[in-house]
1. May I ask you to list the residues in segment 255-268 that are crowded, with 20+ Cβ neighbours inside 10 Å and within 9 Å of the chain's Cα centre (by Cα)?
2. Need pairs with beta-carbon distance below 7 Å; first residue near ligand 1 (Cβ under 7 Å from one of its atoms) and within segment 51-63, second in a loop (DSSP other than H, G, I, E, B); sequence gap 6+ or separate chains.
3. Keeping to segment 18-40, report how many residues are modelled with pLDDT under 80 and either in a loop (DSSP other than H, G, I, E, B) or outside the structural domain of Ile104 (by TED's automatic domain parsing) (or both).
4. Suppose we filter segment 208-254 for residues that are surrounded by 15 or more Cβ atoms within 10 Å (Cβ to Cβ) and in a helix (DSSP H, G or I); how many remain?
5. Taking segment 114-134, which residues are assigned to a strand (DSSP E or B), buried (at least 16 other Cβ atoms within 10 Å of the Cβ) and touching a helix residue (DSSP H, G or I) at 6+ places or on another chain (Cβ under 9 Å)?
6. Which of the residues that make up segment 177-191 are closer than 18 Å to Ser54 by Cβ and crowded, with 20+ Cβ neighbours inside 10 Å?
7. Can you find even one residue in segment 511-526 that is part of a helix (DSSP H, G or I) and hydrophobic (A, V, I, L, M, F, W, C)?
Amino acid sequence: MPDIVQLLPDNIANQIAAGEVIQRPASAVKELMENAIDASASDIKLVIQDAGKSLVQVIDNGKGMGETDARMAFERHATSKIRNIEDLFLIRTMGFRGEALASIAAVAQVEMKTRKAENETGSFIEIENSKVVRQEPVACAPGTSIAMKNLFFNVPARRNFLKSNAAEMRHIVDEFIRIVLAFPSISFSLVSNGQELFHLEKNSLKQRIVQVLGTQFNARLVSVQEQTDYLTIYGFVGKPDTAKKTRGDQYFFVNNRFIRSAYLNHAVMSAYQDMIPSDSYPLYALFIDLDPSHVDINVHPTKQEIKFEDERIIYAFVQAAVKHALAQFSITPSLDFDLDPDIQRLDAVAKPFTEQRKSEITSSGLYQTFTQKNQAHLVEPSQDSDLRHWKKDNTGENELPSGISNMPVNRIPWDESSAEALAFRLDIPVIQLLNTYLVATTNTGFMLVHQQSAHERILYEKYLAALNGKRIAVQHSLFPVTIQLTAPDAILLGELIPDLHELGYLIEPFGKDSFIIQGTPADLDQGRETAVLEAVLEQFKHYSNNKLFSVREKLIRSMANQRAIKAGKSLMEDEMGKLLEGLFSCEQPNMSPDGKPTYWEFNQDQLQKIFNR
Ligand code: ADP
Ligand code: MG
């Protein structure tokens, strides 16, 4: 019997290897554009014919290649970007495997013109089936133009595997968008079948996002910006009202490279908790920068998946940063529902990110928590938090640290300087409108407060403090009442007894599924104990599937919700005064625990603009 093991011919080996890198025209778009970026181009043109099936061409004004490099570049493992294995872990350029051009050359016909600025002539090179068929000097502009023609002309099985032009074009545009968002300082264009689809001048990130994703986002982006020694996050998220029913327009970049991460996506979505309907998706384009040695980008051939050294830190950080940004923006909730575009352009509505605002943000609590303490691992919560016990279990990636909402980042300190401007005047009577809204005069205008949302906020913070040591006194009842529950409710209440005690309720088990209420907080009217507890349990169950909230968080939210003054209740003057004072002594007075605005502020400038004065 002759031996049967043979080496594959080079061209077949190349084609097989190429399949990993070049799966469709969009893969070539990505690789060629990334090479142009790595070559420091400031202007990059993408030309497509036939959804990339007959032509993908990238023309850049980057540093170009000399004659030898032009040839070498198409060899497998030819790269100018790494020299040794350590470099692989410190990579800051886009490409690094030295496989892209070799792969393209194995599965398409390639023509390249390239010239270094300092050379008088450039090189032209033509390659087919990984073989150079022509190389000669050529007159051309500095930079590089690479044309990939007839993808998979030599691998019919793969060519047949390509999708419809519409589908392939969609992939190309997706790839193009991911790249142009990450490099707003580079100008780009995309021409498909002779028609210019994108023409993007160099711009700010915000304007690039608007150019690419649509002008409807113009006044609807909130800046995210947080920095620590470990990592930086910046970018934009859409205001809650931009959330759409379809996914898309959601982008994460790590060290300027687009990545997919269901886990980090969850972090962003959780920051929007209760601000958007559960089946809708907000826009975001977030950039995380960190030392490349803390990430492993190279885990997937198309380099869109990533491993972080400590995912949970990144999760907590992303969530906190987005929450922070959203809270900042809702200090003056935006007016832009259906308003006139002129009004939408008002400062308070559009909220441009000024230097002053930037310094406000950098002096704010979250920023300080992260930077002062210096290391992101301090994000780890205190002793008794659930997060300490959280382990990634085999239910998979999307399981969340249940204590994450207990983290200090949840409560953003109220900025004193804005409190100053907002100070409401107690010497001028507060008015109640529609038994729901309070109108209070401020130093610069007036504010409109929603009594229920405001009271929910006040109670939430009071209960939170109670669970953190400032317990609420129990007033012992002269005639304790009993409460009879269903078996599941009895189990639930039994678990809540210790926390309820901190909140001023003294409850003891009293036979099967019954409890005796020995005491309640002083402010609770006698006779309402059982009704309140039943309502709290009911509300608690509404949160039962919520993995983000700890038991305690659910309890205080339920309690705040149930005990708050409701809309529709007429209030006495002193009650209104107390409510306003209470609200503005809160750490985060601008929204209710579930993210609804507590007040709107109207200052003189805004009023004048509204009246065209
Ligand atoms: P990698 O990008 O991983 O190094 P590629 O196969 O994509 O591998 O490219 C090989 C080499 O060719 C690059 O390292 C670079 O030196 C050179 N090169 C590719 N494209 C360009 C370009 N547009 N401008 C200048 N040099 C380029
Ligand atoms: Mg490359």
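The values are calculated or read from the model by the stated rules, or taken from the named source; none is laboratory data. Note that the coordinates shown come from a computational prediction; the quantities given were computed from them, not determined experimentally. Here the Cβ positions follow ideal geometry from the backbone for every residue, glycine too, while neighbour counts run over all protein chains shown.
1. The answer is Leu264, Ala267, Val268.
2. Asp60/Ala39; Asp60/Ala41; Gly62/Ala39; Gly62/Ser40; Gly62/Ala41; Lys63/Ala39; Lys63/Ser40; Lys63/Lys116
3. Number satisfying all stated conditions: 0.
4. 9
5. Thr114, Gly122, Ser123, Phe124, Ile125, Ile127, Glu128, listed by residue number.
6. Filtering segment 177-191 down to residues closer than 18 Å to Ser54 by Cβ leaves 190-191.
Matches in segment 177-191: Leu190 only.
7. Our first condition is that a residue be part of a helix (DSSP H, G or I); within segment 511-526, this holds for none.
No, that holds for no residue.
Quick grid of which residues meet (1) closer than 24 Å to Ile565 by Cα; (2) in contact with a Phe, Trp or Tyr (Cβ under 9 Å, 6 or more places away or on another chain):
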site	(1), (2)
Asn435	yes, no
Met447	yes, yes
Ala473	yes, no
Phe479	no, no
Thr482	no, yes
Leu503	yes, yes
Asp523	yes, no
